[in-house]
Amino acid sequence: MKNIIKSLAIIALAIVICFSMTACPDGSDGDGSKGKGKDDGDGDGSGGGSGKPPANWTAVTGSPFGTSYVWSIAYGGGKFVAGGADSKIAYSSDGITWTVVTSSIPYKTTYGIAHGGDKFVAGGLNGKREYSNDGITWTAVTDTLLDPSGVVSPDYHINDITYGGGKFVAVADNGKMVYSSDGITWTAVEDTAFGGDIEGIAYGGDKFFAVGATGHILCSSDGITWAVAAEGQTVFGNVRINCIAYGGGKFVAGDQSGKIAYSSDGITWTASNSTIGSWIIYKIAYGGGHFVAVAQRGIIAYSSDGVTWTDVTNSRFGTSNIYGTAYGGGKFVAVGAGGKIAYTTD
């Protein structure tokens, strides 16, 4: 158990560093949409606007994943790409009809996928990563940055990937991060300022924000130099934050206990009126003017502002957990346990 006084001192020092260094500016310099600053890590069809609420969902029949778990999904280059267990990856131009392909890495489980710079990058079990120009043909990244021993180590699984500011950033267990400008050649972050597992990452307002164990929120202006973000822990306490998304000028994050909070700058956070109860929130995505949160026991909720949330009456997942969601081509698509996939309809 860490010494409480020592921990508080470290956190306080990190907060001071966060405000005094260029690693995490004050958030007054843009909304993340200019130049290469746009975050399309979770789908480059996220666009603004106030589309119809994502209240109605339809199940995909004949899932290409069978009954195995589907952990992640992203949109880019005119298609959805989803990743699951047993080295399975599938793609779809409409989120309805899917074609399965084989990962370039044997026995791989894909926990995170992102699209950016005209390329998909997928990562997961044992820190393995692979890239694809079209979501169909995949090539393995050959470094051992997150697998130094060459054997399966649960300490270094990749949990999420995003793209922003001209680079991919992947976050992993045990405080590990790696970054790349092309998805092929990667560099390890020397000091993430994070001692526990990092679960989610998003880019917006020209900054990266990463979340994870014990309610920690990290900030960085370049994905390389990181510091603890101020006041983030006051909302989530010591509960693990699983996911974070950016859209409509704000960040929204969800945790292990069903809590959702929002922030205009990623530093000062306010709790929303989450309708998810105490169920685990696995992923949040933004698109068409709405946030969508997916959770344990088939729960989906949506919000136009990240503040007020509404439950979906029938997610089509039953009581199966929903692990990922992405927006593209005018619709949300969600994936989860039992190979289930569902998409929004008008």
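Annotations
- Amide H contacts for Gly124 (H built 1.01 Å from N in the peptide plane; partners 5 or more residues away or on another chain; cut-off under 5 Å): Tyr111, Ile158.
- Shape category assigned to the stretch 74-127 from the gyration tensor of Cα positions, a/c cut at 1.5: oblate
- A cut-off under 13 angstrom between Cβ atoms defines the neighbours of Ser104, and their net charge, with Lys, Arg +1 and Asp, Glu -1, is +3.
- The stretch 165-189 and the stretch 67-98 have Cα centres spaced 22 Å apart.
- Greater than 21 Å apart at Cα, pairs in Lys79/Lys259; Lys119/Lys176; Lys52/Lys331; Lys119/Lys259: Lys79/Lys259; Lys119/Lys176; Lys119/Lys259
- Mean Cα-pair separation over length for the stretch 202-346, i.e. relative contact order, pairs under 8 Å, 6 or more apart, %: 15 percent
- Legend: residue pairs Lys88/Lys340; Lys128/Lys167; Lys250/Lys283; Lys128/Lys340, Cα-Cα distance threshold 20 Å; pairs beyond threshold, Lys128/Lys340.
- Comparing Ser103, Ala172, Leu146 along the charge dipole axis of the stretch 99-197, the residue lying farthest to the positive side is Ser103, per the Cβ-charge model.
- Karplus-derived 3J(HN,Hα), 6.51/-1.76/1.60, for each residue of the stretch 51-56, Hz, glycine and proline x: x, 5, x, x, 8, 10
Readers should treat all values here as calculations from the given coordinates under stated rules, not as data from a laboratory. As the structure is a prediction and not an experimental result, all values here were calculated from the model. Because the Cβ atoms are built from the backbone with ideal geometry, glycine has one as well, and the counts that use them run over all protein chains shown.
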